[in-house]
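Asks: This is the structure, below, for whatever I ask next.
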Amino acid sequence: MTIFSQPYILFDWGDTVMPDDPASTTPMVEWPTVQAVEGIAELLAHLQASGRTCILATSASISDEDQIRGALARVGLEHFFSRIYCFKNTGLPKGEAFYRHILADLDLPTSSALMIGDGYEKDVLIPNQVGLFTIWFNPRSDETRSGEGHVTVHSMKELLALFQGR
C-alpha cells in the first residue's frame, strides 16, 4: 500500500476542518459565525469520490457528536464524515488510547488509515506511536517536518495534490 492509498482518513476537527477559537466556552454549533478551512471541501469531495471513508478524530471536549455534526452542517461538510470520535463519546483524551480505540472500534489495522491534523504532538507524534502514518497540516508557517511516519503540508490544495498523485 502506498502512503496515500489508505481507505480510511482520520481528520482532526479544530483548525484542520474548521477554524477553532480556543477561547470559546460554547459548542461551535452555537457560534454566531463558523467557517470551513480553505480547500477542505474539495479535498473531502475528492476522497469521497475515490472511495475513501473520512472520519473525524477530535480532542474537542465542549461539543458532543451531534453538536459537531451540527457545526459541520453549517458549512456543508457533515455528509463527508461517516463517524465522529470525540471526548464525549469515547471518554478518552487524544492520546494513544484514543487512537487505539478508534482502530479497534472500526476493526482496522494501522496500515488502513492515516491521520491528518494541525497539532504536531496530538495529530502526528502520538498516532505515529500507534503505527499510523500522519500528515501534519501546518498552514501557520513555512516549517516542514517529515520523517518515516509523517509528512508536512501547508494547505489543503497541497494535500489534495498529494492524494491525486501530483
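Asks: Which residues, taken from segment 134-166, are in contact with a Gly (Cβ under 9 Å, 6 or more places away or on another chain) and at pLDDT 95 or above?
Replies: Thr134, Ile135, Trp136, Phe137, Ser155, Met156, Lys157, Glu158, Leu159, Leu160
Asks: Hey, can you tell me all the residues within segment 13-47 that are in contact with a Leu (Cβ under 8 Å, 6 or more places away or on another chain), in a loop (DSSP other than H, G, I, E, B) and crowded, with 17+ Cβ neighbours inside 10 Å?
Replies: Answer for segment 13-47, where residues must be in contact with a Leu (Cβ under 8 Å, 6 or more places away or on another chain), in a loop (DSSP other than H, G, I, E, B) and crowded, with 17+ Cβ neighbours inside 10 Å: Trp13, Val17, Ala36.
Asks: Which members of segment 95-128 meet the condition of being within 24 Å of Leu160 (Cβ to Cβ), β-branched (Val, Ile, Thr) and touching a residue at least 24 places away in the same chain (Cβ under 8 Å)?
Replies: Ile102, Ile116, Val124
Asks: Can we say Asp107 is buried (at least 16 other Cβ atoms within 10 Å of the Cβ) and farther than 12 Å from Ala57 by Cβ?
Replies: No: the conditions fail for Asp107.
Asks: Within segment 76-103, track down each residue that is over 20 Å from Arg52 (Cβ atoms) and not basic (Lys, Arg).
Replies: Cys86, Phe87, Asn89, Thr90, Gly91, Leu92, Pro93, Gly95, Glu96, Ala97, Phe98, His101
Asks: Given the criteria surrounded by 13 or more Cβ atoms within 10 Å (Cβ to Cβ), within 14 Å of the chain's Cα centre (by Cα), hydroxyl-bearing (Ser, Thr, Tyr) and closer than 29 Å to Ala97 by Cβ, does Ser59 qualify?
Replies: yes
Asks: Shifting gears a bit: Among all residue pairs at least 6 apart or on different chains, which show Cβ distances below 8 Å where the first residue, located in segment 62-75, is among the hydroxyl-bearing types (Ser, Thr, Tyr) and the second is assigned to a loop (DSSP other than H, G, I, E, B)?
Replies: As it stands, the answer is Ser63/Pro27; Ser63/Cys86, since those pairs meet every condition given.
Asks: Please report, ordered by residue number, the helices (runs of 4 or more DSSP H) entirely within segment 60-138 with at least 3 residues that are closer than 21 Å to Ile40 by Cβ and among the aliphatic types (A, V, I, L, M).
Replies: Fully inside segment 60-138 and qualifying: 65-74.
The values are calculated or read from the model by the stated rules, or taken from the named source; none is laboratory data. Computed from a predicted structure; not experimentally measured. Using ideal geometry, Cβ is built from the backbone for each residue, glycine included, and neighbour counts are taken over all protein chains shown.
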